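Below is one structure; the comments refer to it alone.
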Amino acid sequence: ITNEEPEEDPSFREERLDARLREQGVAEGKGAVPAAEETEGDRQRSGEDADQQDQTPMSSNKPRKKKKKRKTKKASAGDSLEDNDLEDIDSLLEKIEDTNGLSQQTQSGVIADSRPLLYVEHRNLNPENELKRYFGARAVLGDQRPRQRQRQYVRSTWLTAPKNTWPRYSRTGIAMQLVETRRGVQYFTFEHHREYQQVQFKFLDAVESMDPNNIVLLLQMNPYHVDSLLQLSDVCRMQEDQEMARDLIGESCREQSGVVHFCFGFSKERANQKGLAFYLALFKHLMFLEKRGCPRTALEFCKLILSLDPENDPLCVLLLIDFLSLRAREYGFLTRMFQEWESHRNLSQLPNFAFSVPLAYFFLSQQECSELELSQAREKAARLIQLALIMFPSVLMPLLDHCSVQADARVTSHSFFGLNAQISQPPALNQLTSLYVGRTHSLWKDPAVMAWLETNVHEVLCKVDARDPLVEECEHKRKMRYQSAPRNIYRHVILSEMKEATAALPLEVASQPVMGFDPLPPLDSIISYTRPERTNHPSNESTLSLFFR
């Protein structure tokens with residue numbers, strides 16, 4: 001706005017020119033300028049008389065009226081110019097609000113944005129900003145504003161806004177160190193000092209005791225021990241204390257984000273680090289935000305987790321980011337991600353992307369834009385959803401069951417979408433499809449979406465009956481691929497707690513004890529320090545003393 005105002009607002013030039021003329025008139029004693037001043041005085045008196053006669057309650061408009069009347073004869077047409085300028089400013093502000101709003105995409109699904117795909121905006125990491133957009137600042141803040149002056153200073157970070165009830169922040173013995181730089185990517189790790197290692201040993205003893213009170217006692221002495229916060233958060237969540245569980249995860253995020261390296265950038269696609277606890281704290285914080293009704297903030301945290309290690313993705317947030325994009329109505333981001341990553345990541349081989357991307361194109365085709373863009377979005381949506389139904393036919397019937405929709409006779413009687421499609425698929429694919437259906441079925445309940453899906457299901461059945469070679473090719477891909485899932489997918493399924501997906505876990509994974517602070521640790525994890533062995537107690541004790549021990 002500041003760059004365009006001097007060119008588009010001629011009234012500002014008029015006022016500056018009048019001011020210069022007045023200054024010259026006072027310095028040189030010319031008569032033309034005092035005459036103009038007299039006319040201004042007459043206008044002021046007449047304006048004041050008019051204001052006294054017309055006692056209207058619109059007192060806020062008086063300064064604007066007087067400012068218009070003080071203009072010289074050169075700006076006699078300034079009223080219309082000023083109105084046009086105000087309209088231009090309003091239109092500029094509307095454009096700015098549109099670009100800063102919740103839906104920041106073009107209707108065709110391709111974002112004209114030069115920033116990286118996983119760029120993280122700090123203002124979108126605060127859930128209060130999103131709640132203010134929905135309900136207004138007065139409803140969100142409530143009585144917090146008068147208390148701001150009395151509140152003591154607390155250290156805040158980009159990830160969390162601390163509460164008054166949280167313990168005072170203090171250094172706990174964690175530091176982030178730069179490990180190496182490979183191919184322009186910096187790798188970081190969290191280092192535990194000797195004092196923190198001793199606390200970690202006490203925490204492991206508390207976990208083995210199977211008594212949550214021991215963890216509570218440990219947190220009273222060390223309020224920002226990360227693993228204790230993660231483990232106790234799960235205990236509180238099992239006891240239906242959601243607020244306490246959310247606060248404990250927020251404290252964990254605050255502790256780890258407070259010790260980040262100065263080269264570690266939260267808004268750049270170049271920083272990786274190897275601390276699984278950091279990923280877990282961010283992921284659980286993300287899940288609480290989504291349940292709280294802040295999908296846009298949860299999406300920003302999901303982008304942050306993925307940007308930390310996009311190649312390995314230890315928590316496999318690729319299985320979640322499409323759902324958050326649809327919930328937040330960021331259809332342009334989802335379609336852009338699919339276009340940029342499909343060539344090297346094969347996103348179409350994941351059931352969640354295979355079905356969510358055409359759904360995003362369908363929602364884009366329902367928005368107001370040009371007829372060409374609408375037709376392109378409809379064409380892409382139809383082509384991609386038909387390809388998804390041919391590649392993953394086992395998704396349709398469970399999806400309709402979750403949506404409480406009865407399929408027509410042609411679909412139920414056809415063997416392509418029947419029970420055989422679910423039984424014949426590999427177990428790894430069954431986990432992915434069950435996870436997607438259990439998580440995103442609510443997005444498909446819209447009657448318009450169901451009508452669009454029904455049309456494309458019948459198109460797929462026509463291709464199957466016509467023996468399209470694509471059907472046989474996709475069946476061969478399903479049998480050859482998806483033999484076993486990688487470890488990060490198992491970890492994601494455990495953390496998501498979807499009953500449909502956890503029931504499909506293999507026995508070797510489901511039988512392992514899962515701890516909230518370290519679910520399915522990586523097989524190649526680096527152990528920087530080891531726990532000391534416990535001293536063996538003398539064996540000459542009585543049986544009763546050993547029993548009580």
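At-a-glance table
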| read-out | value |
| --- | --- |
| Alpha-carbon centroid distance for the pair segment 351-386 / segment 184-212, whole angstrom | 47 Å |
| Distance in nm between pseudo-label sites at Gln366 and Ser442 (7 Å out along the Cβ direction from Cα) | 1.6 nm |
| Over 27 Å (Cα to Cα) - which of Lys380/Lys477; Lys303/Lys380; Lys132/Lys499; Lys163/Lys284; Lys132/Lys163; Lys163/Lys303 fall in this group | Lys132/Lys499 |
| Percent carbon-and-sulfur accessible area, segment 329-511, ignoring ligands, DNA and RNA, probe 1.4 Å | 52 percent |
| Cleavage-rule hits (GluC sites (Glu not before Pro)) in segment 458-507: DSSP loop, at most 11 neighbouring Cβ within 10 angstrom | Glu497 |
| Probe 1.4 Å, protein heavy atoms only - accessible area per residue of segment 329-511 in square angstrom | 47 Å² |
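The values are calculated or read from the model by the stated rules, or taken from the named source; none is laboratory data. Quantities reported herein were computed from a predicted structural model and do not represent experimental measurements. Neighbour counts are summed over all protein chains in view; Cβ atoms, including those assigned to glycine, are modelled from backbone coordinates with ideal geometry. Heavy atoms of the whole protein, side chains included, go into the accessibility calculation; ligands, DNA and RNA do not. Shrake-Rupley method; radii C 1.70, N 1.55, O 1.52, S 1.80 Å.
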